[in-house]
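Remarks on the structure that follows.
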Amino acid sequence: MFLYVVVLIVLFYVYRWFRELGRVPNKSEKSVYITGCDTGFGNLLAKHLDTKGFRVIAGCYTEKGEVELKKCCSDKLTTLHLDVTDNYSIKKAAETIKTLVGEKGLWAVVNNAGISFPTAPNDWLETEDFKQMIDVNLIGVVAITLSVLPLIKKAKGRVVNVASVFGRISTVGGAYCITKYGVEAFNDSLRRNMAPFGVKVLCIEPGFFKTSISDPTIYESHLQRLWKRLPQEVKDEYGSDFIDKTKLVIKEKIEKILDPDLMKVVSCMEHAVAAVHPRSRYSPGWDAKLFWLPLSYMPTFISDAYILKNAVEPKVSVL
């Protein structure tokens, strides 16, 4: 019986592999709108899809990002200044895209733009710290999607939302996990909403990768800034060595698992955009597949025990 189960599993994966090989035709006629193209995944995806023949519309936050991207891509690529927290910027970009794509519509939007700082214990933060990240990571995703959704429906295209494995399990304080859970919820509701219109809605859930979002140096500088503004009472609760202990954990644990191969994520994004039969969800990174996702399905007492065991304890602790 066990052998039959193994054979069935192997056959399923072989079938899925062959089924997912097919790519959509006429790529040169298909436009893909990507946010957050200054650096990281968005920048690499814009370059990658450009080489694949798509008409890339790259949203960049800085003029430098636009200039650098144009230098290394073909004339088919168009850059736009885009601030995903600014309604005027979003609307202006959508109007430009409508002119560019015409009656063919927009084949895909990839909601990649995001930030991960400030991340800290929740009692270190103020409401504004949460609002800033929610505006970029969640409201920005919703606003960008809605701004071009009529064009995507016209093309019977795709919406690709970049969430995180931490949209499945919450490990840190601050708004990062909150926003990624929100992206997951928006993704699921939109996928079901858009199915009758022939629009596919896909989600990318990366693990730990070496980008500016996971830069330990930036994380440490944000922690120092937040520490300085804390009331002395809270500093006493956490202990004067809390920052140093946190830095040690980052160096000994986090830095070691950061995957430098960003193409693992970009390849999933490309598949979501270009495959005839894309997956509903992608989880690039071995840490995501083999650890974080399984941990998210564990009973709460198990996941809590693991996360607390590996966290830095405050000086005042009842654990």
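The values are calculated or read from the model by the stated rules, or taken from the named source; none is laboratory data. Keep in mind it's a predicted model, so treat the numbers as computed, not measured. Every residue, glycine among them, receives a Cβ derived from its backbone with ideal geometry; neighbour counts consider all protein chains shown. We work out accessible area using only protein heavy atoms, side chains counted, and drop any ligands, DNA or RNA first. Shrake-Rupley method; radii C 1.70, N 1.55, O 1.52, S 1.80 Å.
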Checklist (1) surrounded by fewer than 16 Cβ atoms within 10 Å (Cβ to Cβ); (2) free of Cβ contacts under 8 Å to residues at least 60 places away in the same chain; (3) more than 19 Å from Tyr176 (Cα to Cα) applied to Glu220, failing item: (3)
Cβ pairs under 7 Å, 6+ apart, first in segment 177-201 and within 16 Å of Asp135 (Cα to Cα) and in a helix (DSSP H, G or I), second modelled with pLDDT of 95 or more and open to solvent by 60 Å² or more (accessible area, probe 1.4 Å): Cys177/Ser170
Odd one out for Pro284 among (1) part of a loop (DSSP other than H, G, I, E, B); (2) more than 27 Å from Arg19 (Cβ to Cβ): (2)
Any pair with Cβ under 8 angstrom, 6 or more apart, that starts in segment 67-83 at a residue that is small (Gly, Ala, Ser) and ends at one that is crowded, with 18+ Cβ neighbours inside 10 Å: Ser74/Asp50
Residues within segment 206-217 that are touching a residue at least 12 places away in the same chain (Cβ under 8 Å) and open to solvent by 50 Å² or more (accessible area, probe 1.4 Å), tallied: 3
Only listed residue being modelled with pLDDT of 95 or more, within 30 Å of Gly157 (Cβ to Cβ) and not hydrophobic (A, V, I, L, M, F, W, C), chosen from Pro294, Pro284: Pro284
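Can Ile302 be described as free of Cβ contacts under 8 Å to residues at least 12 places away in the same chain, open to solvent by less than 70 Å² (accessible area, probe 1.4 Å) and touching a helix residue (DSSP H, G or I) at 6+ places or on another chain (Cβ under 9 Å)? Can you show your working first?
Numbers: free of Cβ contacts under 8 Å to residues at least 12 places away in the same chain: yes; open to solvent by less than 70 Å² (accessible area, probe 1.4 Å): yes; touching a helix residue (DSSP H, G or I) at 6+ places or on another chain (Cβ under 9 Å): yes.
Criteria met by Ile302.
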Members of segment 147-205 that are of a type in the set (S, T, N, Q) and surrounded by fewer than 24 Cβ atoms within 10 Å (Cβ to Cβ): Ser147, Ser170, Thr171, Ser189, Asn193
Cross-chain or 6+ apart pairs with Cβ under 7 Å, segment 153-172 first and touching a residue at least 60 places away in the same chain (Cβ under 8 Å), then hydroxyl-bearing (Ser, Thr, Tyr): Val165/Ser283; Phe166/Tyr176; Arg168/Ser296; Ile169/Ser296; Ile169/Ser303
Some residue of segment 186-203 being under 30 Å from Val312 (Cβ atoms) and modelled with pLDDT of 95 or more: no
Check on Lys228, touching an Asp or Glu at 6+ places or on another chain (Cβ under 7 Å) and free of Cβ contacts under 8 Å to residues at least 60 places away in the same chain: no
Residue within segment 273-290 that is closer than 15 Å to Phe166 by Cα, open to solvent by 70 Å² or more (accessible area, probe 1.4 Å) and without any contact (Cβ under 8 Å) to a residue 24 or more places away in the chain present: yes
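Where in segment 1-110 are there helices (runs of 4 or more DSSP H), lying wholly inside it, with at least 2 residues that are open to solvent by less than 90 Å² (accessible area, probe 1.4 Å) and of a type in the set (Val, Ile, Thr)? First the steps, then the outcome.
Numbers: elements: 2-19, 40-51, 63-71, 87-101.
Output list reads 2-19, 87-101.
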